[in-house]
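Novice: Before we start, here is the structure in question, set down as structure tokens.
The values are calculated or read from the model by the stated rules, or taken from the named source; none is laboratory data. Since this is a predicted model, take the numbers as computed values, not measurements. So basically every Cβ, Gly included, is an ideal-geometry build from the backbone, and we count neighbours across all protein chains shown.
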Amino acid sequence: KRIPPLVVYAKNLPKGTIKEIELCYDHGLYLSVSYDDGQETLPYTPQHSAAVDMGEIHTIASFCDNGESVLLSGRKLRSTHRLRNKKLRELQKLQSQCKKGSRRWKKYQRAKRYILSKSERQLRDAFHKTTKAFVDWCIQQSVSDVYVGNPEGVQRHTKKKRRKNVNQKLSNWSFGKVKQYLEYKCQSKGIKVTFVNEAYSSQTCPVCQRKKKVRTRMYHCHCGYTSHRDIHGAKNILSQALYGSFEPWGQEKIPTYLRPA
């Protein structure tokens, strides 16, 4: 006698108050269960402050006012995007040689949906691991306030004549999802998130206030100031949020480098 699917899944349901059960399809049927795990949001207690500079090579670069800093690699996200684009381009080329609606055309269409679905799961997993690693670092540093530089408009304000690889990097930069994951993960731990303007934070020297665009990983100024480019941006975002201007911090410690994904 065949057991109904809901009976089988009911044995493995999570412990907690179930809010919603939805039957979904993604190359096969599965149950999506939303439930309340009973964990309460921790209260907000003012302590240290940290700033976040989001990027494409380093998904998150953060600097805390106690001198500690962290870099979370985004190379896994970038490689996943590149592989997805490469496979889709190959399938699109083959599909263009077929008659629309034919058996072979439908075969390539199913393959494209499979690649998109698989890459989406991989990216979602990488986003969760990256943001969780950052929240764990904030808890270790007793951070209560996080100021996130808002990169909205970077693609619009960049020069129109760009190389193809630059366009691809900007299109693959999913900073909106990083912002969304950061916000709700931090709030659950009692950490307040504030989005601030990051204009000229990566170009301005906090010592002499001179603006300089850098193409390397390190920021060097004529006045002698030097720092990692992404940490430099995070430090300027933090000083702008706390003091209203770009101010130099004390001696910089060696950043912690993490590859959570």
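Novice: Which condition number in (1) among the hydrophobic types (A, V, I, L, M, F, W, C); (2) farther than 21 Å from Gly67 by Cβ; (3) surrounded by fewer than 16 Cβ atoms within 10 Å (Cβ to Cβ) is the one that Ile254 fails?
Specialist: With (1) among the hydrophobic types (A, V, I, L, M, F, W, C); (2) farther than 21 Å from Gly67 by Cβ; (3) surrounded by fewer than 16 Cβ atoms within 10 Å (Cβ to Cβ) applied to Ile254, the lone miss is (2).
Novice: A further question on this structure: So Asp145 passes all but one of these: (1) in a helix (DSSP H, G or I); (2) within 30 Å of Thr45 (Cβ to Cβ); (3) modelled with pLDDT of 90 or more. Which condition number does it fail?
Specialist: Status for Asp145: all satisfied but (1).
Novice: Residues that are within 18 Å of Pro260 (Cβ to Cβ) and over 25 Å from the mean Cα position of the chain (by Cα): find the strands (runs of 3 or more DSSP E) completely inside region 19-122 holding 2 or more of those.
Specialist: none
Novice: Given the criterion hydroxyl-bearing (Ser, Thr, Tyr), over 30 Å from Lys192 (Cβ atoms) and either modelled with pLDDT under 95 or touching an Asp or Glu at 6+ places or on another chain (Cβ under 8 Å) (or both), identify the matching residue among Ser73, Ser62, Ser69, Ser117.
Specialist: Being hydroxyl-bearing (Ser, Thr, Tyr), over 30 Å from Lys192 (Cβ atoms) and either modelled with pLDDT under 95 or touching an Asp or Glu at 6+ places or on another chain (Cβ under 8 Å) (or both) holds for just one of Ser73, Ser62, Ser69, Ser117, which is Ser117.
Novice: Same structure, new question: Would you say Ser144 is in the same structural domain as Lys192 (by TED's automatic domain parsing) and either surrounded by 15 or more Cβ atoms within 10 Å (Cβ to Cβ) or over 21 Å from Gln180 (Cβ atoms) (or both)?
Specialist: Yes.
Novice: Turning to a different aspect of this structure: Would you check if there is a residue in region 172-182 being touching a Gly at 6+ places or on another chain (Cβ under 9 Å) and either at pLDDT 90 or above or not in a helix (DSSP H, G or I) (or both)?
Specialist: yes
Novice: Of all residues in region 102-142, how many are touching a Cys at 6+ places or on another chain (Cβ under 8 Å) and under 23 Å from Leu77 (Cβ atoms)?
Specialist: Result for region 102-142: 2.
Novice: Among Ser227, Ser245, Ser239, which is the only one that is out of contact with any Gly (no Cβ under 8 Å at 6 or more places or on another chain), assigned to a loop (DSSP other than H, G, I, E, B) and modelled with pLDDT of 90 or more?
Specialist: From the options Ser227, Ser245, Ser239, the qualifying one is Ser245.
Yes/no per residue for (1) polar (S, T, N, Q); (2) closer than 30 Å to Gly250 by Cα; (3) in contact (Cβ under 8 Å) with a residue 24 or more places away in the chain:
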{"position": "Tyr35", "(1), (2), (3)": "no, no, no"}
{"position": "Asp53", "(1), (2), (3)": "no, yes, yes"}
{"position": "Val70", "(1), (2), (3)": "no, yes, yes"}
{"position": "Leu77", "(1), (2), (3)": "no, no, yes"}
{"position": "Thr80", "(1), (2), (3)": "yes, no, yes"}
{"position": "Arg84", "(1), (2), (3)": "no, no, yes"}
{"position": "Gln92", "(1), (2), (3)": "yes, no, no"}
{"position": "Gln95", "(1), (2), (3)": "yes, no, no"}
{"position": "Trp105", "(1), (2), (3)": "no, no, no"}
